[in-house]
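Chemist: Let me begin by handing over the structure; questions about it come next.
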Amino acid sequence: MKHLALATLMAATALPALAQDTKVIGVSIPAATHGWAGGMNFHAQEAVDRLEEVYPELDFVLATASDPSKQVNDIEDMLATRNISALVVLPFESEPLTSPVKAVADSGAWVTVVDRGLAQEGIEDLYVAGDNPGFGRVSGEYMVSALPEGGKIVALRGIPTTIDNERVEGFQAAIEGSGIEILDMEHGNWNRDDSFTVMQDFLSKHPELDAVWASDDDMAIGVLAAIEAAGRDDIQFVLGGAGMKEMIKRTADGDTMIPANVTYPPSMIATAIEMTAVGLTSTAPVAGTFTIGSVLVTQDNAMEFYYPDSPF
Amino acid sequence: MMAKLDLRVLGPILALVALIVVGALLNSNFLSAGNVTNVLSRSAFIGIIAVGMTFVITSGGLDLSVGSMAAFIAGLMILVMNGLLPTLGPGVALVLVGILAALLAGTVAGFVNGFLITTMRIEAFIVTLGTMGIYRSLVTWLADGGTLSLDFGMRTVIRPIYFGGILGISWPIIVFALVAITGEIVMRRAAFGRHAAAVGSNDQVARYSSVNVDRVRMLTYVFLGLLVGVATIMYVPRLGSASSSTGVLWELEAIAAVIIGGTMLKGGFGRVWGTVIGVLILSLIDNILNLTDGVSPYLNGAIQGVIIILAVILQRERKAGS
């Protein structure tokens, strides 16, 4: 224990001398526990590899965490042993990550927060935000335009989180007064198997449906398999989201069951890392909030959102 | 003993019947052929694994790795079939190769667990906690953090394994039934079942009674691994994909089903048919919650928890009363 403390102390005192030449950027993100997170991990890794070549004076530490407490440990370790000049963090959950990230900001390091905001405002220097209410709104607006006469739909929700709540509220606000009725909503947890099961049960329960808001492409895959297995032809289309490459491809190919998609790009982590690197190495100002909007993808523009090399 | 109605035995059955009555009252589609097929088919994955888990727990062991193992085997099976597709072409031969790969991988994985537990003498909890993490990481790595998908041409060939069947009964249900019946016979009638119970009850006494304790323990893990392979063969055709989110928490569902069914967690007594009832109880709770309005989906986990505990209390109280 004593040795460990000593070693940490030595590392902490030895590093600042080294840091004059190279600055270290810590990147802390959730592990690839579902499709979108997998894509986000891929883009983070790719951005780190690319930027290490572009900026020889920058060093990157990438850590993936499978739960919030592991992420807190990762960030504490980065601060204690790697003397980071900047932290790019996609918080697993807002509340538990707020004070450790604040500690990094208090140490004088640059802080970039991605996707999920912290519980306390003003900690981060740069906030690269996904637009969850917008994601729900764009999805709802598409639903209204695709079902002008109104109709009966079911919706699948993600893992119970603020993100999911904001999306659903945005969706509900957008379809209000349109005659579209959500008969049922259950959590499919952004998971193919769970959404398959939930959809099977929805199909048993509701003999007549017009469309499904799967709200995510992983869930859309489960939903489509359940519809196909049941042989139901009353459902006109399934609206997923987040822009998985296979689903974007089907939209581009004119699949009538998948006529559209709504983006929530996992590559926003690359935007955040890139902007942080620019901020550390140049005089270009990058502080503030950068919102990445959710865009409607249809057959016309689908190929612009098709990334065949990404795992998502 | 046999003639007297043991109310403790009736506990899980009563819970199941109560659930079925509740389900039928809440929704008229609950007992429709379609819904019954859905529930039984989706129970098959956990069910097949839980039958193997019954033997492991009966002999005093535990296996936490089965969910990750299923995900890893599913990934492997998809990679093998995708890799051999150009040589073998989409057809029955390739499906058989995939099935063989899954069974082999399952057996080897079960053997590794069993070897570390029996020969290296490491606690089952620690060994399988370790392999749980290893398989989960391996499938994430194989999938490059994303999803492994079976080649599209192959999917139509393999789909009938989950969705097809004979006489209107789907294959997963048939396989689950066969595994359960075989398991019940082995547990009740075969020497292996009695040996497993003896080892779980008191391994010293079992050893003096010339039971090869290590061999029995090893075999329970190998059989469980093999059955995880079988469950995976049913799982892959359904959605044709595997990712790091495949099979999450299957181990706990399987263990819960075993305990609900009346097998003792500390070993020494196992009941395969009880496990089947336990699996059905767990699937029905989910199904009923999806078919019902008025319960906030946030509370699904709480309702499951209450029913699991009630099902077990029912057994204990009957035991005290009788």
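Chemist: Taking residue B:161, is it under 23 Å from the mean Cα position of the chain (by Cα), more than 14 Å from chain A (Cβ to nearest Cβ), at negative phi and assigned to a helix (DSSP H, G or I)?
Modeler: Numbers: under 23 Å from the mean Cα position of the chain (by Cα): yes; more than 14 Å from chain A (Cβ to nearest Cβ): no; at negative phi: yes; assigned to a helix (DSSP H, G or I): yes.
No, not satisfied.
Chemist: Also: So is residue B:260 crowded, with 23+ Cβ neighbours inside 10 Å and either away from chain A (no Cβ under 14 Å) or touching a helix residue (DSSP H, G or I) at 6+ places or on another chain (Cβ under 8 Å) (or both) or not? Quick ask: steps written out before the conclusion?
Modeler: Values: crowded, with 23+ Cβ neighbours inside 10 Å: yes; either away from chain A (no Cβ under 14 Å) or touching a helix residue (DSSP H, G or I) at 6+ places or on another chain (Cβ under 8 Å) (or both): yes.
Answer is yes for this residue.
Chemist: Just give me the residues in region A:43-61 being part of a helix (DSSP H, G or I) and over 19 Å from residue A:32 (Cβ atoms), in sequence order. Quick ask: steps written out before the conclusion?
Modeler: Going residue by residue through region A:43-61, those that are part of a helix (DSSP H, G or I) are A:43-54.
Residues satisfying the conditions are A:50, A:51, A:52, A:53, A:54.
Chemist: Now for a separate question. Answer yes if at least one residue in region A:219-226 is within 14 Å of another protein chain (Cβ to nearest Cβ) and loosely packed, with under 15 Cβ neighbours inside 10 Å, and no otherwise. Spell out the reasoning first.
Modeler: Kept after step one, since they are within 14 Å of another protein chain (Cβ to nearest Cβ), are these residues of region A:219-226: A:219-226.
Cutting the leftovers down to loosely packed, with under 15 Cβ neighbours inside 10 Å gives us none.
No, region A:219-226 contains no residue that is within 14 Å of another protein chain (Cβ to nearest Cβ) and loosely packed, with under 15 Cβ neighbours inside 10 Å.
Chemist: Report the residue count in region A:62-87 for those that are part of a strand (DSSP E or B) and over 20 Å from residue A:276 (Cα atoms). Step through it out loud before you land on a result.
Modeler: We begin by selecting, within region A:62-87, every residue part of a strand (DSSP E or B); these are A:62-65, A:86-87.
The next check asks that each one be over 20 Å from residue A:276 (Cα atoms); those that pass are A:65.
Total satisfying the criteria: 1.
Chemist: Do you know which of the residues in region B:141-158 that are touching a helix residue (DSSP H, G or I) at 6+ places or on another chain (Cβ under 9 Å) and of a type in the set (S, T, N, Q) is farthest from the other protein chains (Cβ to nearest Cβ)? Talk me through it step by step, then tell me what you get.
Modeler: Kept after step one, since they are touching a helix residue (DSSP H, G or I) at 6+ places or on another chain (Cβ under 9 Å), are these residues of region B:141-158: B:142-151, B:153-155, B:157-158.
Checking which are of a type in the set (S, T, N, Q) leaves us with B:147, B:149.
Values: B:147: 6, B:149: 7 Å.
So the residue we want is B:149.
Chemist: So, one more: Restricting to region A:182-209, what's the tally of residues that are away from every other protein chain (no Cβ under 11 Å) and touching a helix residue (DSSP H, G or I) at 6+ places or on another chain (Cβ under 9 Å)?
Modeler: First pass over region A:182-209, keeping only residues away from every other protein chain (no Cβ under 11 Å): A:182, A:208-209.
In the following step, the residues that additionally are touching a helix residue (DSSP H, G or I) at 6+ places or on another chain (Cβ under 9 Å) were identified as A:182, A:209.
Residues that pass the stated criteria total 2.
Chemist: Spot the failing condition for residue A:191; the list is (1) within 22 Å of the chain's Cα centre (by Cα); (2) surrounded by fewer than 24 Cβ atoms within 10 Å (Cβ to Cβ), and only one is missed.
Modeler: (2)
Quick grid of which residues meet (1) among the hydrophobic types (A, V, I, L, M, F, W, C); (2) buried (at least 24 other Cβ atoms within 10 Å of the Cβ):
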| residue | (1), (2) |
| --- | --- |
| B:34 | no, no |
| B:40 | yes, no |
| B:57 | yes, yes |
| B:68 | no, yes |
| B:72 | yes, yes |
| B:77 | yes, yes |
| B:87 | no, no |
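Chemist: Here's a follow-up. Can you tell me how many residues within region A:256-294 are out of contact with any helix residue (DSSP H, G or I) (no Cβ under 7 Å at 6 or more places or on another chain) and in a loop (DSSP other than H, G, I, E, B)?
Modeler: 6
Chemist: Looking at B:252, B:280, B:299, can you tell me which residue is touching a helix residue (DSSP H, G or I) at 6+ places or on another chain (Cβ under 9 Å), within 14 Å of chain A (Cβ to nearest Cβ) and outside any loop (DSSP other than H, G, I, E, B)?
Modeler: Numbers: B:252 fails: within 14 Å of chain A (Cβ to nearest Cβ); B:280 fails: within 14 Å of chain A (Cβ to nearest Cβ).
On inspection, the qualifying residue turns out to be B:299.
Chemist: I've got another one for you. For the condition closer than 28 Å to residue B:32 by Cα, crowded, with 19+ Cβ neighbours inside 10 Å and touching a residue at least 60 places away in the same chain (Cβ under 8 Å), what is the one hit in A:156, A:126, A:147, A:203? Please lay out each step first, then the result.
Modeler: Working: A:126 fails: closer than 28 Å to residue B:32 by Cα; A:147 fails: closer than 28 Å to residue B:32 by Cα; A:203 fails: touching a residue at least 60 places away in the same chain (Cβ under 8 Å).
On inspection, the qualifying residue turns out to be A:156.
Chemist: If I go through region B:113-137 residue by residue, how many of them are surrounded by 18 or more Cβ atoms within 10 Å (Cβ to Cβ) and aliphatic (A, V, I, L, M)?
Modeler: Applying the first criterion (surrounded by 18 or more Cβ atoms within 10 Å (Cβ to Cβ)) to region B:113-137 yields B:113-114, B:116-118, B:124, B:127-128, B:131-132, B:135-136.
Next, from what is left, pick out any that are aliphatic (A, V, I, L, M): B:116-117, B:124, B:127, B:132.
Selection size over region B:113-137: 5.
Chemist: What's the number of the only condition in (1) within 27 Å of the chain's Cα centre (by Cα); (2) crowded, with 24+ Cβ neighbours inside 10 Å; (3) within 10 Å of another protein chain (Cβ to nearest Cβ); (4) modelled with pLDDT of 90 or more that residue A:244 fails to meet?
Modeler: (4)
The values are calculated or read from the model by the stated rules, or taken from the named source; none is laboratory data. Computed from a predicted model, the values in this text were never measured in an experiment. Positions of Cβ are generated from backbone atoms using ideal geometry, with glycine treated the same way; all protein chains shown enter the neighbour counts.
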